[in-house]
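The values are calculated or read from the model by the stated rules, or taken from the named source; none is laboratory data. Keep in mind that this is a model prediction, so the values were computed, not measured. For neighbour counting, all protein chains shown are included, and Cβ atoms are generated from backbone atoms with ideal geometry for every residue, glycine included.
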Amino acid sequence: MCTHTLTGHSDGVKSVLISPDGQTLISGGEDGTIKLWQLHTGELLRTLTGHTYGVKSLAISPNGQTLVSGGGDGTIKLWKLPAAELIRTLIAGYSRLDSGWMPVAISPDGQIVASHSSSYSQTIKLWQLDTGDLIGTLTGHAGSVKSFAFSPDGQTLASDGADNTIRLWHLNTEEQINTLAGHTGGIYSIAISPDGQTLVSGGVDQVLKIWNLHTGKLVRTLSGHSYSVNSVVISPNGQLLASGGYDGIIKVRQLATGKRLQIFSGHSGSVNSVAVSPDAQILVSASADKTIKIWQIAP
């Protein structure tokens, strides 16, 4: 059930997340703004400006005090929360003419930011969050990188991309430790379970794939979306898997079995991003239709 529809972005909404304390919803839009909303009421709290092109992705530190945004203007911006002050801007070497993607992620210890450099170089950059220093680069993808996921222990970074693969990297050595292949099209989104056992991926081929993170073996393939899968997320309690697609549909499943629990429809455009609250009772979705919807997940 949709409890709120949030309007305020003047263009499509590309990314959405929920703060670790479950109180704040944060959205990033193609209009170049970041908006902070009260999750339970839908009240707009603040609008952050600074990017000169669309905000493509968002990540938040585990303590909820630092927000990272990746923009089509080629910059990564670090913001202090709840003050919403700009801390620093990092030049990622990205161009708005690339592919429209600018993924960012924060390590579980809140120390490292991962970003994609450019679809032309296929390079992943690692930054020290508190200093803004570039501390590492990872190269191996044969196409642009679409999203990242850190393992809960912070030892492994997973990346996916237009080359139809997921690559696993050991952060301490910066070495690639595995390649997961099985998708027949570019991969748009990945997520790792809180116990570090499972990785989920979705992309152009319209399916979700569930992998054993440690062995790299494919566990299960789930179908159901009629167009590309744009976003996948695992609930913080590790019980639920949610996916949003170009078909405008959101599906909620049991992670362990793949059983479909709920289907949410109501967006008039592509669902670009989904997020689940810490208590796994609320799902939020961001869409190309310029809206964010808040949904109640059935118990």
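Being buried (at least 19 other Cβ atoms within 10 Å of the Cβ) and at pLDDT 95 or above is the filter here, so list the residues in segment 166-186 that pass it.
Ile166, Arg167, Leu168, Trp169, Leu180, His183
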* For segment 96-108, name all the residues that are outside any strand (DSSP E or B) and at pLDDT 95 or above. => Ser107, Pro108
* Structure fact -> By residue number, the members of segment 6-31 that are closer than 21 Å to Tyr188 by Cα and small (Gly, Ala, Ser) are Gly12, Ser15, Ser27, Gly28, Gly29
* So which residues in segment 242-299 are β-branched (Val, Ile, Thr), under 20 Å from Thr41 (Cα atoms) and part of a strand (DSSP E or B), if there are any at all? -> Val274, Val276, Ile282, Val284, Ile292, Ile294
* To do: Kindly check whether there is at least one residue in segment 38-54 that is in contact (Cβ under 8 Å) with a residue 40 or more places away in the chain, surrounded by 15 or more Cβ atoms within 10 Å (Cβ to Cβ) and assigned to a strand (DSSP E or B).
  => no
* **Single residue of Leu44, Leu17, Leu25 found to be more than 16 Å from the chain's Cα centre (by Cα) and under 19 Å from Leu81 (Cβ atoms)** => Leu44
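Here are Gly54, Gly93, Gly72: which of them is within 16 Å of Gly29 (Cβ to Cβ), of a type in the set (Gly, Ala, Ser) and at pLDDT below 90? Walk me through it before giving the result.
Details: Gly54 fails: at pLDDT below 90; Gly93 fails: within 16 Å of Gly29 (Cβ to Cβ).
Testing whether each residue is within 16 Å of Gly29 (Cβ to Cβ), of a type in the set (Gly, Ala, Ser) and at pLDDT below 90 leaves just Gly72.
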* All positions within segment 197-225 that are surrounded by 18 or more Cβ atoms within 10 Å (Cβ to Cβ) and either modelled with pLDDT under 95 or within 17 Å of Ala149 (Cα to Cα) (or both) -> Thr198, Leu199, Val200, Ser201, Gly202, Gly203, Leu208, Lys209, Ile210, Trp211, Leu213, His225
* Asked: Using beta carbons and a limit of 9 Å, which pairs, at least six apart or on different chains, have the first residue in segment 268-281 and of a type in the set (S, T, N, Q) and the second one part of a strand (DSSP E or B) and surrounded by fewer than 20 Cβ atoms within 10 Å (Cβ to Cβ)?
  -> Gln281/Gln296
